[in-house]
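The numbers here are math on the coordinates, done by the rules we state, and not lab data. Remember, predicted model here, so these are calculated numbers, not experimental data. All Cβ positions, glycine included, derive from the backbone under ideal geometry; neighbour counts span all protein chains shown.
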Amino acid sequence: MKTETTIQGLSASLSKARSSRKTIGFVPTMGNLHEGHLNLVREARNLCDVVVVSIFVNPIQFGPNEDFDSYPRTLDQDSQLLAEVGCDIVFAPSVEQMYGGQSRLTNISVSDITNDLCGAQRPGHFDGVAVIVTKLFNIVQPNFAFFGQKDYQQLAVIKQMVADLNMPIEVIGVPITRAEDGLALSSRNGYLSDEQRQTAPAIYKALKNAEAELKAGQALADVIANIKADLVANGFEIDYVEARTPMLQTIDQFDQDVVIFVAAKLGKTRLIDNIQVAFVV
Ligand code: PAF
């Protein structure tokens, strides 16, 4: 496995693959990798000839009071894990490499579907994601790109951007990887105290209850209210609990497939999760 830290070095490493028309699979990450990321890499490995993983903590997608400075940087450990799952090239550029040089005057903003859910709580976040993902897509020029369904709204934003801008890339959403107790894996789980870690799976339990209640015919509004009550009883501070169609349109009745989204804080740590429930006639 090679590690490249410059755009030039990465292009040189990929030039042979490009000229021999090998398929390139790309997994963008911010590092501090866990099984969820490794499952994205495994998917890429199954589908593509060459697998590139980027590790870059992207400053422009963090708000002023968010955890950019404290976000865990664990490149050595990440590289070891990536070698074990068959990654070919790690691209780990510096902030200077990605944003140095002339000042950036171009923004990329996907409207409508970024207005609520995490978009409402984190102004500018999805613009920052869209900019860095576009830059990385242009640098890596992958055939396939892999994103986790845990960040469902991010996945929807990337799919929309790729379609709107005719980017020649197939975006693949990979199902959420969970711990045995149901907690969705996330780099931010590392911020939880032991006690909070015991409580955190209550989010997934509430989502599974919601799925059962919907299938039993309970009204969507009541199901959402039950999730909120469950989370508050477990000591969470709720950012949002919302139901949307899979395309992120609002929905007030369970008369089509629905995705229920949760963002909630345990202490200072903000956790997100979602569950998709299929509507069967
Ligand atoms: O999901 C992430 O880790 C980041 O938002 C991404 C896609 C790597 C862009 O920085």
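Do any trypsin sites (Lys or Arg not before Pro) in the stretch 12-78 lie in a loop, going by DSSP, with at most 11 other beta-carbon atoms within 10 Å of their beta carbon, and if so which?
R21
Cα-based count: Lys pairs in the chain below 18 Å, eight or more positions apart or different chains?
The result is 12.
Is it possible to state the helix-based mean residue ellipticity at 222 nm for the chain, with each DSSP H run of 4+ residues giving -39500 (n - 2.57), the sum divided by total residues, to the nearest 500 deg cm²/dmol? What is it?
Calculated mean residue ellipticity at 222 nm is -11500 deg cm²/dmol.
Would you kindly calculate the translational diffusion coefficient of the stretch 187-265, applying Stokes-Einstein with the Kirkwood radius from alpha carbon pairs, for 20 °C and a viscosity of 1.002 mPa s, and quote it in µm² s⁻¹ without decimals?
Approximately 162 µm²/s, per Stokes-Einstein.
Fully extended, how many nm does the chain gain between D252 and E180 (0.36 nm per residue separation, minus their Cα-Cα distance)?
Gain on extension, D252 to E180, equals 22.7 nm.
Over the alpha-carbon set of the stretch 31-94, divide Rg by the Kirkwood Rh and report the Rg/Rh ratio to two decimals.
In the stretch 31-94, Rg relative to Rh is 1.02.
If I model a spin label at N138 and K16 as a point 7 Å from the Cα along the Cα→Cβ vector, what separation in nanometres do I get?
My value for the distance between the label points is 2.8 nm.
Helix hunt in the chain: which complete DSSP H runs extend at least 15 Å axially by C-alpha with mean Kyte-Doolittle at least 1.0? Display every interim value, and only then the final one.
Working: long enough: 7-19 (17 Å, 0.02); 35-47 (18 Å, -0.71); 125-140 (22 Å, 1.36); 152-164 (18 Å, 0.23); 202-215 (20 Å, -0.30); 220-233 (20 Å, 1.27).
Answer set is 125-140, 220-233.
Would you work out the relative contact order for the stretch 87-169, in percent, from Cα pairs under 8 angstrom that are 6 or more residues apart?
29
How would you rank E213, E195, E35, E180, going from fewest to most other Cβ atoms within 10 Å of each one's own Cβ?
In increasing order of surrounding Cβ atoms, one gets E180, E195, E35, E213.
Taking only the C-alpha atoms, wrap a convex hull around the stretch 94-143 and report its volume per residue in Å³ as a whole number.
On the way: hull volume 5.3 nm³, N = 50.
Roughly 106 Å³ of hull volume per residue.
Please compute the Kirkwood hydrodynamic radius of the chain from all pairs of different C-alpha atoms, in Å with one decimal.
Averaging 1/r across every pair of different Cα atoms and inverting gives 19.9 Å.
Multiply the residue separation of K228 and A216 by 0.36 nm, subtract the distance between their alpha-carbon atoms, and state the gained length in nm to one decimal.
2.4 nm
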